[in-house]
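The values are calculated or read from the model by the stated rules, or taken from the named source; none is laboratory data. Everything quoted here is computed from the prediction, not taken from an experiment. FYI the Cβ positions are ideal-geometry reconstructions off the backbone, even for glycines, and counts take in every protein chain you see. When the accessible area is computed, the model is the full protein with side chains, heavy atoms only, and any ligands, DNA or RNA have been set aside. Shrake-Rupley method; radii C 1.70, N 1.55, O 1.52, S 1.80 Å.
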Amino acid sequence: MPKNNLIMTADIQVTAREIDFVTRFERNWEHLQEILGIMRPIKKQPGAVLKSKYAEGKLESGNVGEGEEIPYSKFVVKEKDYAEMTIEKYAKAVSIESIKDHGYENAVQMTDDEFLFELQTDVTGRFYAYLNTGELTSSESTFQMALAMAKGRVVNKFKQMHRNVTGVVGFVNVLDVYEYLGAADITVQNQFGFQYIKDFMGFNTIFLLAEDEVARGKVLATPVENIVMYYVDPNESDFARAGLIYTTGAGETNLIGFHTQGNYHTAVSEAFAIMGFTLFAEYIDAIAVISFGSAATASTKAAKSTAKDSSLS
């Protein structure tokens, strides 16, 4: 009979699965940081409120006579609440029948892969939705002009705030890119679920997104310095004291906690993930949302209609 607390083969297999899941998730985000050029993961406590920022001010006249007092130009940075940092909880389960019928690799490992991808997509989906609310808006005639003006507007905005720009990241609809490029020979990279082009038309990186992430006829852009990663460390908690033990990464930046177990009551293999993770653009007025083509025409008509309604009221 084995001694108490003997580490069994099953324990090693489960731990290896947890470590593999956490490692792959965090490597994906490390890779995204490298693609974007950002290296600013910032740890927050649960309950911390993320605030989007925007600058307001007026430049006073510089036409000042000899000996006259020079008026101050006043600029202020204002904030508005965006989201509260929370620990989000996710779970999945695979039945013993499914493992029997399809084998472990298909029933468990492949669903782990999909689980990881969906967790990642949840973070990026919220980020893309936020980018679509950017306040640097305009309409251009072509895709090329939209890209150029998107970059120009965000660089100009950061210069007005006296902030340095080392690079600009763009986000476009994948169909717009291929329609514009046609048969052109370019290298589209596809890694860790991200499809992107490096060093294209003055952008450090342009991400190719689906219709539900950015609509056709629209270009999103922001300086890389405007993008930050906020996270709650799932390892810094009293969960373990409550019997909730999650495997986290071995580094200083723990983005996710993961735990697997067999539930003998229902004969299923359960997996649980917790994370508090947000990809965020700090200055909402340094995010460009530029329309072009038919989307620009529709946007212009909507703006004129709104202006007309305002004048009648």
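The requirement of being in contact (Cβ under 8 Å) with a residue 40 or more places away in the chain, within 20 Å of Gln144 (Cα to Cα), among the aromatic types (Phe, Trp, Tyr) and not in a loop (DSSP other than H, G, I, E, B) is fulfilled nowhere in the stretch 205-212; no residue meets it.
When you scan the stretch 185-197, do you find a residue that is outside any loop (DSSP other than H, G, I, E, B), touching a strand residue (DSSP E or B) at 6+ places or on another chain (Cβ under 6 Å) and aliphatic (A, V, I, L, M), even just one?
Step one: of the stretch 185-197, the residues outside any loop (DSSP other than H, G, I, E, B) are 189-191, 194-197.
Narrowing further to those that are touching a strand residue (DSSP E or B) at 6+ places or on another chain (Cβ under 6 Å): 189, 195-197.
This time we only want the ones that are aliphatic (A, V, I, L, M), so: 197.
Scanning the stretch 185-197 turns up at least one residue that is outside any loop (DSSP other than H, G, I, E, B), touching a strand residue (DSSP E or B) at 6+ places or on another chain (Cβ under 6 Å) and aliphatic (A, V, I, L, M).
Looking across the stretch 254-277, the residues that are in a loop (DSSP other than H, G, I, E, B) and open to solvent by less than 50 Å² (accessible area, probe 1.4 Å) come down to Asn254, Leu255, Ile256, Ala267.
Name the residues in the stretch 150-176 that are in a helix (DSSP H, G or I) and in contact with a helix residue (DSSP H, G or I) (Cβ under 8 Å, 6 or more places away or on another chain), would you? Quick ask: steps written out before the conclusion?
Let us first name the residues in the stretch 150-176 that are in a helix (DSSP H, G or I), namely 150-160, 174-176.
Answer for the stretch 150-176, where residues must be in a helix (DSSP H, G or I) and in contact with a helix residue (DSSP H, G or I) (Cβ under 8 Å, 6 or more places away or on another chain): Val154, Lys157, Phe158, Asp176.
Suppose we filter the stretch 241-253 for residues that are assigned to a strand (DSSP E or B) and open to solvent by 80 Å² or more (accessible area, probe 1.4 Å); how many remain?
Just the residues of the stretch 241-253 that are assigned to a strand (DSSP E or B), to begin with: 247.
Filter once more, keeping what is open to solvent by 80 Å² or more (accessible area, probe 1.4 Å): none.
Final tally of qualifying residues: 0.
Is it the case that the stretch 180-194 has a residue that's modelled with pLDDT under 90, touching an Asp or Glu at 6+ places or on another chain (Cβ under 8 Å) and farther than 27 Å from Val22 by Cα? Among the residues of the stretch 180-194, not one is modelled with pLDDT under 90, touching an Asp or Glu at 6+ places or on another chain (Cβ under 8 Å) and farther than 27 Å from Val22 by Cα, which makes the answer no. Scanning the stretch 88-121 for residues that are within 30 Å of Gly170 (Cα to Cα), open to solvent by 40 Å² or more (accessible area, probe 1.4 Å) and touching a residue at least 24 places away in the same chain (Cβ under 8 Å) returns Glu88, Phe117, Thr121.
Looking at the stretch 74-84, is at least one residue loosely packed, with under 10 Cβ neighbours inside 10 Å and modelled with pLDDT of 75 or more?
As a first pass, look at the stretch 74-84 and keep what is loosely packed, with under 10 Cβ neighbours inside 10 Å: 76, 80-81.
With the extra rule that they be modelled with pLDDT of 75 or more, the set shrinks to 81.
Looking for residues that are loosely packed, with under 10 Cβ neighbours inside 10 Å and modelled with pLDDT of 75 or more, one finds at least one in the stretch 74-84, hence yes.
For the stretch 195-233, the candidate set comprises residues that are open to solvent by less than 10 Å² (accessible area, probe 1.4 Å) and over 29 Å from Ser141 (Cβ atoms); within that set, the residue that is farthest from the chain's Cα centre (by Cα) is Val232.
Residues that are farther than 19 Å from Glu282 by Cβ and touching a residue at least 40 places away in the same chain (Cβ under 8 Å) within the stretch 36-47 comprise just one, Pro46. Does the stretch 42-56 contain any residue that is within 20 Å of the chain's Cα centre (by Cα), more than 29 Å from Phe203 (Cβ to Cβ), modelled with pLDDT of 75 or more and part of a strand (DSSP E or B)? Yes, the stretch 42-56 contains a residue that is within 20 Å of the chain's Cα centre (by Cα), more than 29 Å from Phe203 (Cβ to Cβ), modelled with pLDDT of 75 or more and part of a strand (DSSP E or B).
Would you check which residues across the stretch 144-167 are open to solvent by less than 20 Å² (accessible area, probe 1.4 Å) and at pLDDT below 95 and list them? Steps first, answer last, please.
Going through the stretch 144-167, the residues open to solvent by less than 20 Å² (accessible area, probe 1.4 Å) turn out to be 146-147, 150, 154, 158, 167.
Listed by number, the residues that qualify are Phe158, Gly167.
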